[in-house]
Amino acid sequence: PAPQTAEDFFNLGHECLHAGAFDEALSHFTQAIRLRPDVAAGYRYRAYAHSELGKRLAAIADFTEAIRLRPDDVQSLADRAMELFLQKAYEQAIADCSQVLELDPGRGAIHGLRGRAWAALGDSERAEADLSIAIVADPDEAVSHLHQRGELYAQREQFDSALADYSTALTIDPDQVSTRIARAAVYCSTGRWELALE
């Protein structure tokens, strides 16, 4: 049967989203929102469709509406933080990350994201603090967090600390090309040419 209710359109949108049919998902979520503009989930999931289509400002607008309707929606806050970070709106991303961590302190990935935003703003001390928490609290992405913290150390010419982080990351995942390049650069900076070549 043809979809008639907001729930029908939402479910179709959800199916299309998971199938990679993002334009169709967008259309279905828009219909769901037209019928039930007071339900936050419609905006949140339409934001995902916008994001997949590269429409980041539209995604941010939908996440913002979802948060207005449900201020305690931690996931919408976390997702908006990422979109803001990708738009280089670092201060706004940090504000969203901080709000997420107030509501759900255990989110290690959000510490990692906030750390990257602090680093982009040049606040290496706060960046280091957040990345250090993320390395422990978000083990699935520890390699990425170690790499980011290694970059901070390298920028501050704390080369031994940078090498320690890069080496730990490569122990976890030896195939990280970007981390090998970064470690080689530190070896070059410290005159350890044979290790750099290796």
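The values are calculated or read from the model by the stated rules, or taken from the named source; none is laboratory data. Computed from a predicted model, the values in this text were never measured in an experiment. Positions of Cβ are generated from backbone atoms using ideal geometry, with glycine treated the same way; all protein chains shown enter the neighbour counts. With ligands, DNA and RNA removed, areas are computed over all heavy atoms of the protein, side chains included. Shrake-Rupley method; radii C 1.70, N 1.55, O 1.52, S 1.80 Å.
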| field | helices (runs of 4 or more DSSP H) completely within the range 145-198 that count 2 or more residues being under 25 Å from residue 118 (Cα atoms) | value | 159-172, 177-189
| note | The lone condition residue 104 fails out of (1) under 19 Å from residue 74 (Cα atoms); (2) out of contact with any helix residue (DSSP H, G or I) (no Cβ under 9 Å at 6 or more places or on another chain); (3) not aliphatic (A, V, I, L, M) is (2)
| remark: Residue hits (the range 1-33; part of a loop (DSSP other than H, G, I, E, B) and open to solvent by 60 Å² or more (accessible area, probe 1.4 Å)) are 1, 2, 4, 5
| Looking at the range 41-53, is at least one residue exposed (fewer than 14 other Cβ atoms within 10 Å of the Cβ) and either acidic (Asp, Glu) or not in a helix (DSSP H, G or I) (or both)? | no
| message | Can you list residue pairs whose Cβ atoms sit under 7 Å apart, with the first residue in the range 140-164 being closer than 18 Å to residue 121 by Cα and the second being basic (Lys, Arg)? Count only pairs 6 or more apart in sequence or on different chains. | response | 148/116
| task | Return the only residue of 8, 23, 38 being charged (D, E, K, R) and modelled with pLDDT under 95. | result | 8
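Here is a yes/no grid of residues against (1) buried (at least 17 other Cβ atoms within 10 Å of the Cβ); (2) closer than 23 Å to residue 108 by Cβ; (3) at pLDDT 95 or above; (4) among the hydrophobic types (A, V, I, L, M, F, W, C):
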site: 143; (1), (2), (3), (4): yes, yes, yes, yes
site: 147; (1), (2), (3), (4): yes, yes, yes, no
site: 150; (1), (2), (3), (4): yes, yes, yes, no
site: 163; (1), (2), (3), (4): yes, no, yes, yes
site: 172; (1), (2), (3), (4): no, yes, yes, yes
site: 180; (1), (2), (3), (4): no, no, yes, no
| task | Six or more apart or on different chains, Cβ under 6 Å: which pairs go from a residue in the range 72-86 that's of a type in the set (Ser, Thr, Tyr) to one that's part of a helix (DSSP H, G or I)? Could you list them? | result | 76/44; 76/63; 76/66; 76/67
| query | In the range 152-161, which residues are open to solvent by 40 Å² or more (accessible area, probe 1.4 Å) and closer than 27 Å to residue 98 by Cβ? | reply | 155, 156, 158, 161
